[in-house]
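Engineer: Structure incoming, see below.
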Amino acid sequence: VPFNMEADSLNAAVLGPDAAPNMPAFELFIKEIRREMTAKAGQKCTAIRRAIVPESLVDAVREALGKELAKTTMGDPRAEGVRMGALASKTQQEEVRRRVGQLLNSSMLVYGDPDEYQVIGADKSKGAFFAPLVLLNDAPFRNQDTHTVEAFGPVCTILPYRDLGEAIELANMGKGSLVSTIATGDPRFARKYVEESAPYHGRILILNEHSAKESTGHGSPM
């Protein structure tokens, strides 16, 4: 199935099994997801919606991502220290909340709270704020809402995989995406992923030890 620009863009980031915590690829993976979740409050067609990780690293990713997101302060962008502003409108806020509700029918919330959060320099009740949320879908082949329902805000779902074949299949289940990311120090893993996923993604970004010295832009804001 060739890449379809008109399909929902449920972009995925894949963590290679070699990328253990404290390794460059793991740290870049976590920072890239955090950045893509919070830049423009996740209102980008290139934002990462699905984090595909080895089963053995699910807890490590959840913990590390939670720590990174905890640094994200919300509020009026003009206020000192604010790292993320509001969604575009109250209507969008309600739409994101509705989509999250759909996702929670088959996934669990593992970080964040859509109701309990603090804002700086703004009125929480009047602004269209939405706290970063991380979900976990522990049966991503059976529970497929993650691959079809997009919450267009700071929301990402962790999906576990057992081998490279599963990682590729999960990434490609997003109905075609603008950009996909693979974080690994194993060139064979990266090469196989690119070969099998290229028809489904407009662009593939590879994060490894060399990326630490370079910009890790996921895609142009859209």
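Engineer: Would you kindly identify the strands (runs of 3 or more DSSP E) lying entirely within segment 100-210 that contain at least 2 residues that are closer than 20 Å to LEU28 by Cβ and at pLDDT below 95? Break it down stepwise before answering.
Structural biologist: Values: elements: 108-111, 133-136, 155-161, 177-183, 201-207.
Output list reads 177-183, 201-207.
Engineer: With the condition kept exactly as written, say whether any residue in segment 85-92 is among the polar types (S, T, N, Q) and within 18 Å of the chain's Cα centre (by Cα).
Structural biologist: Kept after step one, since they are among the polar types (S, T, N, Q), are these residues of segment 85-92: 89, 91-92.
Among the residues that remain, those that are also within 18 Å of the chain's Cα centre (by Cα) are: none.
No, segment 85-92 contains no residue that is among the polar types (S, T, N, Q) and within 18 Å of the chain's Cα centre (by Cα).
Engineer: Can you find even one residue in segment 84-93 that is open to solvent by less than 20 Å² (accessible area, probe 1.4 Å), polar (S, T, N, Q), over 22 Å from GLY202 (Cβ atoms) and part of a helix (DSSP H, G or I)?
Structural biologist: The answer is yes; a qualifying residue exists.
Engineer: Specify which of the listed residues (ILE52, ILE30) is assigned to a strand (DSSP E or B), within 25 Å of SER177 (Cα to Cα), among the hydrophobic types (A, V, I, L, M, F, W, C) and open to solvent by less than 30 Å² (accessible area, probe 1.4 Å). Don't jump to the end; show me each part of the working.
Structural biologist: Numbers: ILE30 fails: assigned to a strand (DSSP E or B).
Result of the check over ILE52, ILE30: ILE52.
Engineer: Still on this structure, I have one more. Open to solvent by less than 40 Å² (accessible area, probe 1.4 Å), out of contact with any Gly (no Cβ under 6 Å at 6 or more places or on another chain) and among the acidic types (Asp, Glu): which single residue out of GLU150, GLU80 fits that description? Don't jump to the end; show me each part of the working.
Structural biologist: Details: GLU80 fails: open to solvent by less than 40 Å² (accessible area, probe 1.4 Å).
Step by step, each of GLU150, GLU80 is checked, and only GLU150 is open to solvent by less than 40 Å² (accessible area, probe 1.4 Å), out of contact with any Gly (no Cβ under 6 Å at 6 or more places or on another chain) and among the acidic types (Asp, Glu).
The values are calculated or read from the model by the stated rules, or taken from the named source; none is laboratory data. Every value quoted in this text rests on a predicted model; they were computed, and no experiment measured them. Every residue, glycine as well, gets a Cβ built from its backbone with ideal geometry; the counts of neighbours run over all protein chains shown. Accessible surface areas use protein heavy atoms only, side chains included; no ligands, DNA or RNA. Shrake-Rupley method; radii C 1.70, N 1.55, O 1.52, S 1.80 Å.
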